Structures are given as structure tokens and as C-alpha cells.
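First the structure, in the form of C-alpha cells, and then the observations on it.
The values are calculated or read from the model by the stated rules, or taken from the named source; none is laboratory data. Bear in mind the structure is a predicted one, so any value in this text is a computation, not a measurement. Counting neighbours? That spans all protein chains shown, and the Cβs are built from the backbone with ideal geometry, glycine included.
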Amino acid sequence: MARHVVATVDEIPPGGRKIVTVRGREIGIFRLGDEFFGLINRCPHQGAPLCQGAVVSRLVAPVPGEYHLTRPGEMLRCPWHCWEFDIRTGKSWCDPNSVQARAFDVAVEKGATLVEGPFSAEAVEVTVEASYVVVTM
């Protein structure tokens with residue numbers, strides 16, 4: 001699997017998102033606190049630009065008439081039909097047994113680690129001080 005640098009950590013604020021194109025696919029990169037998650041920017045229901053939808057809380061109703069919000073900012077609502085997906089997993093809350101948005105592995109790596117890489121070659125000195133968001137496809 002190939003890894004792709006898609007942003008610096010500072011480009012995506014906590015609670016924010018950035019839509020990137022990697023190998024012809026649009027992927028939404030979401031930041032929840034200090035964690036990053038990637039979802040395909042295509043709703044599995046009918047193909048809407050999923051990652052452009054509203055980021056919301058999960059609504060829980062243990063009994064009729066009693067409800068409360070949980071997991072603030074961790075659910076993504078499709079802009080076309082309001083289906084909701086878990087940003088962390090891509091799991092649909094409308095049809096969890098058969099519908100899921102494709103999720104991608106996302107990691108944060110120090111710039112120096114990316115520069116070093118697994119190869120050895122004669123090179124000039126380079127320093128990288130930022131941390132980068134890397135998606136694996």
C-alpha cells in the first residue's frame with residue numbers, strides 16, 4: 001500500500017476537515033482532537049459528496065420522548081439525504097448492517113521520518129520541522 005502526504009497537522013484544526021485528492025479519489029481528512037481519520041468523499045447511498053456534509057453529534061433515544069446528544073462532532077451527515085456516518089469508522093447509523101463509507105488509514109508522522117525513508121542515497125542535508133498527515137491507500 002502506498003502512503004501519501006496530504007497536509008501538515010496545522011492545516012487541519014481540531015474539529016476541522018480537508019478534502020484532498022489521492023490517486024484520483026477524493027478523501028475527506030477529519031481531525032477529532034489530536035486524531036485524524038479519512039473517509040471517501042462519496043456517500044455509499046447515492047453518491048453525494050459525503051465529506052462536504054455537516055459534522056454533528058450522535059442522537060441517542062433510549063425511550064420515546066427521551067433523547068440526548070453524545071459524541072459531539074464525531075458524526076458526518078450526508079448533504080443529500082441526511083444519512084449519518086461515524087467519522088472514526090465510516091459505519092452508517094441509518095443501515096449499519098449493510099452500508100459503510102470507505103475509511104482510510106491516516107497517521108501523523110514527523111517530517112524528519114518522512115525525509116529519512118527506508119532508502120540510502122548520497123544527499124544534501126535537509127531539515128523538516130513540521131508534522132504531516134499521511135493517508136495510506
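Worth a mention:
- Strands (runs of 3 or more DSSP E) contained in segment 1-110 and holding at least 3 residues more than 15 Å from the chain's Cα centre (by Cα): 54-63, 66-77
- Within segment 21-73, the set of residues being surrounded by fewer than 14 Cβ atoms within 10 Å (Cβ to Cβ) and aromatic (F, W, Y) comprises Y67 only.
- Contact annotation: residue pairs with Cβ atoms under 9 Å, 6 or more positions apart or on different chains, pairing a residue in segment 24-44 that is at positive phi with a partner that is modelled with pLDDT of 95 or more and surrounded by fewer than 23 Cβ atoms within 10 Å (Cβ to Cβ), are G33/P14; G33/G15.
- The C-beta contact set for segment 82-101 (first residue on the phi > 0 side of the Ramachandran plot, second residue of a type in the set (G, A, S) and assigned to a loop (DSSP other than H, G, I, E, B), distance under 6 angstrom, 6+ apart or interchain) comprises G90/A101.
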